[in-house]
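Data first, discussion second: the structure below is written as structure tokens.
The values are calculated or read from the model by the stated rules, or taken from the named source; none is laboratory data. Please read all numbers here as calculations on a predicted model, not as lab measurements. Cβ: placed from backbone, ideal geometry, glycine included. Neighbour counts: every protein chain shown.
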Amino acid sequence: MKVSFLNDGFFDRLETLSVHLRTDLSGYYGGKHPIRRYGQTIEFADYRKYELGDDIRRIDWNLFARLKKYFLKLYTDERQMHVRILVDCSASMALYPQKAEYALGFAAALGFLAVRNNDKLSIIFLKDGTFFDPFGLIVGKNAFFSLIGELEKVSFSGAADFAEVVPRIPDNGTNDGMSVLLSDFLNENRWQKAVDYLLYKKRQVLACQILSKEDMSPSFVGRTELVDSEGSGAGDDRNVNLRIGRPTLEHYRKELRAYIGEISGFCASKGAAFLSVGTDIPIEKAIFSELATLGLVR
């Protein structure tokens, strides 16, 4: 799948941003995410009174000279998080090529924001009832850019069963970062159970719905056969033949809005973030505007 806009200019425009994660995540030492606990960085945070057993090397002797009391200097703690991006590579995502291209581009953009912030990164593809992790753990810009060209080799086929597959992914992590689900959510992939599982693992979750222009406003008219792209082909009972007119299209758009509202409501009730974006919106705009509004990038 060719991703035409993945070039130096695309990533240069993202240089000013970074992924913003919750401050109560644990993560790994050596990162750039400040958390609520005190640690060993060089950035001063606060004082507290000395208690028996404290390290006397952390006493502020200048403050003792003025107040004749012992106080410890406290410094901020920063952690390295793990951003895992789960990409729906099912057949429905490739039904309109711009949707698959957009999903891969969005994954690359979020991945770049992660590595530039010194976070660990995994990009995992779900299709044909299983998952593929061709890149392994990605750390640093050099490792990231070495695999960008490989994104164009990703194929789309079959179905992606999030509920069945996501818990089987090794090292899903606990309380150590963000999991991003990129999908159109227009299939029976039981994504809600995957969100529940990731939240159970105390991960920050973003469900990002990617829709093509045809998804949002179909151009079908007249007698049309609708075939399930992830079905068994001819004879599948989910395939239908019907006459499509203006009332049918208006009803479809109404139902789609209601369905997007259901996804948004489910995510809000669980404490997960949700974004629905059309492929006609530039990825940079979706990130700089929509994700910034959600507080997920800064």
* Asked: Quick check: anything in the stretch 142-156 under 17 Å from the mean Cα position of the chain (by Cα), crowded, with 21+ Cβ neighbours inside 10 Å and under 21 Å from residue 172 (Cβ atoms)?
  -> no
* Asked: What is the residue count in the stretch 206-220 for residues that are at pLDDT below 95 and either of a type in the set (A, V, I, L, M) or in a helix (DSSP H, G or I) (or both)?
  -> 4
* What is the residue count in the stretch 54-92 for residues that are under 30 Å from residue 198 (Cβ atoms), at pLDDT below 85 and assigned to a helix (DSSP H, G or I)? -> 0
* Asked: Where residues in the stretch 265-288 are of a type in the set (Gly, Ala, Ser) and surrounded by 13 or more Cβ atoms within 10 Å (Cβ to Cβ), which of them is farthest from residue 106 (Cα to Cα)?
  -> 272
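May I ask you to verify whether residue 131 is hydrophobic (A, V, I, L, M, F, W, C), touching a Lys or Arg at 6+ places or on another chain (Cβ under 8 Å) and not assigned by TED's automatic domain parsing to the domain that holds residue 206?
Answer is no for this residue.
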* Within the stretch 190-205, is there a residue that is assigned by TED's automatic domain parsing to the domain that holds residue 106, within 20 Å of residue 103 (Cβ to Cβ), assigned to a loop (DSSP other than H, G, I, E, B) and modelled with pLDDT under 85? -> yes
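I need the full set of residues from the stretch 253-263 which are surrounded by fewer than 16 Cβ atoms within 10 Å (Cβ to Cβ) and of a type outside the set (D, E, K, R), in order please.
258, 259, 261 - these are the residues of the stretch 253-263 that are surrounded by fewer than 16 Cβ atoms within 10 Å (Cβ to Cβ) and of a type outside the set (D, E, K, R).
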* **Residue identified as surrounded by 12 or more Cβ atoms within 10 Å (Cβ to Cβ) and part of a helix (DSSP H, G or I) among 248, 293** => 248
* Of all residues in the stretch 115-165, which are part of a strand (DSSP E or B), touching a Leu at 6+ places or on another chain (Cβ under 7 Å) and modelled with pLDDT of 90 or more? -> 122, 124, 126, 138
* Asked: When the stretch 96-132 is examined, which residues are found to be of a type outside the set (Gly, Ala, Ser) and touching a Phe, Trp or Tyr at 6+ places or on another chain (Cβ under 8 Å)?
  -> 112, 115, 120, 121, 123, 124, 125, 126, 127, 131, 132
